[in-house]
Amino acid sequence: MRFLANENIPLEVVKTLAAEGVEISSATLVCRGAPDRQVLELATRENRIVLTFDKDYGYLVFRKRQPAPAGVVLLRFPPRSVEYIHDRLSRILAGGWPLSGRFTVASETRVRSIPLKQS
């Protein structure tokens, strides 16, 4: 799986995940300041799963019917620290949940997901 971290995912987390072997890119590095639609388009073109704290991605994919990327993981927990974000993301990525082709919402207590309509 390939990932694109939205700008709200700290670069330190992205770099640590990359060092651990996760194929991940950061919107901060490749399209800093781009609107959410552009980030979504980039993830779709590059077949990447978006990692984000931003609920707007659900709005874009489900309400505005933007082309769906390989998947979206919406993080719905307080970003207490870089270490906390890294720990939670690592658990999600290693947890065996199907992330491809799905809109996944991860809170502190559970992970749930629904299929994305691929265009």
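Run the quick spin-label model on residue 20 and residue 111: label points 7 Å from Cα toward the beta carbon, then report their separation in nm to one decimal.
In this crude label model, residue 20 to residue 111 measures out at 1.1 nm.
With N set to the residue count of the chain, report its C-alpha Rg divided by 2.2 N^0.38 Å to two decimal places.
Dividing the Cα radius of gyration by 2.2 N^0.38 Å gives 0.95.
Calculate how many DSSP beta bridges within the chain are antiparallel, expressed in % of all such bridges and rounded to the nearest 5.
In the chain, approximately 25 percent of DSSP beta bridges are antiparallel ones.
When only DSSP loop residues count, what GluC sites (Glu not before Pro) in the range 1-47 have their Cβ near at most 15 other Cβ atoms within 10 Å?
Hits after loop and neighbour filter: 20, 46.
Students often forget the sequence filter, so: which lysines lie under 22 Å Cα-Cα from residue 64 once same-chain residues fewer than 8 apart are removed?
55, 117
Treating only the Cβ atoms of Lys and Arg (+1) and Asp and Glu (-1) as charged, compute the dipole magnitude of the chain about its Cα centre; round to the nearest 20 debye.
About 540 debye.
Any read-out appearing in this document is the output of simple, stated calculations on the displayed coordinates, not a laboratory observation. None of these values were measured; they are calculated from a predicted model. In this analysis, Cβ positions are derived from the backbone assuming ideal geometry, glycine residues included, and neighbour counts consider all displayed protein chains.
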